[in-house]
1. What number of residues within region 235-286 satisfy the criterion of being of a type in the set (Asp, Glu) and in contact with a strand residue (DSSP E or B) (Cβ under 6 Å, 6 or more places away or on another chain)?
2. From Leu259, Leu306, which residue is in contact (Cβ under 8 Å) with a residue 12 or more places away in the chain and over 21 Å from Glu24 (Cβ atoms)?
3. From Ala288, Ala327, grab the single residue that is surrounded by fewer than 24 Cβ atoms within 10 Å (Cβ to Cβ), touching a Gly at 6+ places or on another chain (Cβ under 7 Å), at negative phi and modelled with pLDDT of 95 or more.
4. Could you grab the pairs with beta carbons closer than 8 Å, sequence gap of 6+ or different chains, first residue in region 76-100 and under 17 Å from Gln16 (Cβ atoms), second one charged (D, E, K, R) and assigned to a loop (DSSP other than H, G, I, E, B)?
5. From the list Ile292, Ile280, which residue is outside the structural domain of Arg231 (by TED's automatic domain parsing) and either closer than 30 Å to Lys189 by Cα or under 11 Å from the mean Cα position of the chain (by Cα) (or both)?
6. Considering each residue of region 196-221, count those that are closer than 23 Å to Ala139 by Cβ and not small (Gly, Ala, Ser), and give that number.
7. Do you know which of the residues in region 179-221 that are among the acidic types (Asp, Glu) and under 26 Å from the mean Cα position of the chain (by Cα) is surrounded by the most Cβ atoms within 10 Å (Cβ to Cβ)?
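The values are calculated or read from the model by the stated rules, or taken from the named source; none is laboratory data. Since the model is a prediction, treat every value here as computed from it, not as a measurement. Heads up, the Cβs are rebuilt from the backbone with ideal geometry, glycines too, and the neighbour counts pull from every protein chain shown.
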Amino acid sequence: MRQHKIAAIPGDGIGQEVIAAGLEVLELCAKRDGGFRFDVTSFDWGSDYYKRHGMMMPADGLDRLKPFDSIYFGAVGAPDVPDHITLWGLRLAICQPFDQYANVRPTRILPGIESPLRNARPGDLDWVIVRENSEGEYAGQGGRSHKGLPEEIATEVSIFTRAGVARIMRFAFALARSRPRKLLTVVTKSNAQRHGMVLWDEIAAEVAAEFPDVRWDKMLVDAMTMRMTLRPQSIDTVVATNLHADILSDLAAALAGSLGIAPTANLNPERKFPSMFEPIHGSAFDIAGKGIANPVGTFWSGVMMLEHLGEAAAAGRLMRAIERVTADKALHTPDLGGKATTRQVTDAMRTALLGDNL
C-alpha cells in the first residue's frame, strides 16, 4: 500500500478547525480508495507557539519538515502579534527555503454557489491564477534606517531575476497548454515599473515562443481587475507577480462566491522539497471557535494535494463530493449566506464520499 507522509500545521484561528475537518475527510478518501494511506504528523506552530517561545516555529523546523511528502497548512495571523512576524515567521519561512515558487490558485463557481457578478454562470468563471511565489515584491529585500527620526527611511525592494521569471512563465505556459482553451494572460505593470516588470514582459515573450500552441495576451494589473469583473469569460489561465497575484486571487475568490472556498498549492515543481497546500483565507479570529468556518477551501486544497501525490482517482472523487455538498444550499456556511456549521459540512462530505455513485 502506498503511504504518504503529511505534515499538518493548523496554525492560527480557524486554521485549526478547517485542518481538522480536512484531515478527517482525507483519511476517509484513503479508506475509500484502499490503495494508499496517510501518515500524518501535526505541528503546533503558530502565534501561540510564538507567545511561548518567541518564534513562530523552532529553529530546526525546516529540517523536521523536509522528509515529508506534503504540508497541509491552515492559516497564520493573530490580533495580538504583528502580521509581518506571523507571515515571515511561518508561512514564508517555509515557502521560500523550500523553493515553492509556483503558487497555483484555481477559481470557479461551484454548483449551488452564486457569484456576485450579475448573470455569471458556472462556466463563465473557470480560472487558474499562477502566482510567482519566491521573489518579486515579497522577496524580503530592503530595510529601515534612522528609526524614529523625522528622516526615517524604509525601503522595500522588488526582485526580478531572469531565472525566477523564466521558470514561472514556463510553468504557467505549460499549465495553460494542459487546459482545454490553451489561453494565458500575463499580468504586468510595466508602464510604471520600468525595470523589473519590463524584464517580466520580455521574458514572457521569449517563453511564449516555446509554446506556439498557447494563445496569450498581456494586461496591466489595474485593467485586469476590470476584465475579471466585466468579461470573466475571456480569462482562463493567469500568471502574475507575487503581489499582483495575491490581490487578484482574492478578488477571484470573492467573484466565485467566497474566500472560504478557494484553495492554494505552493509547489516546488521539481519535488526537491515538500509542497504545501492551504486554503487562501486567513485566520479569521472574529469567527474562530464558533464552529462556522467554511472548510471547502481546505477540502479543495486537499484535492490539489492528492493530485500532487499522484492519487488522481481519489482527488477526482473528493472534488465530486465537494460539488455535491456545495450544490445543497442547506449546507452553506455563513460566508455563503447560509447557516450550516463546519461540522455539518464535514459530515455531509463524509456521506458524499461514502456514496456508491460518486
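1. Count: 2.
2. That would be Leu259, the only listed residue that is in contact (Cβ under 8 Å) with a residue 12 or more places away in the chain and over 21 Å from Glu24 (Cβ atoms).
3. The match here is Ala327.
4. From region 76-100, the pairs are Val76/Asp12; Gly77/Asp12; Ala78/Asp12; Thr86/Asp12.
5. Matching residue, one of Ile292, Ile280: Ile280.
6. Final tally of qualifying residues: 12.
7. This residue is Asp201.
Condition check ((1) acidic (Asp, Glu); (2) modelled with pLDDT of 95 or more; (3) farther than 19 Å from Asp124 by Cα) across all residues:
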residue	(1), (2), (3)
Asp222	yes, yes, yes
Thr225	no, yes, no
Met228	no, yes, no
Leu243	no, yes, yes
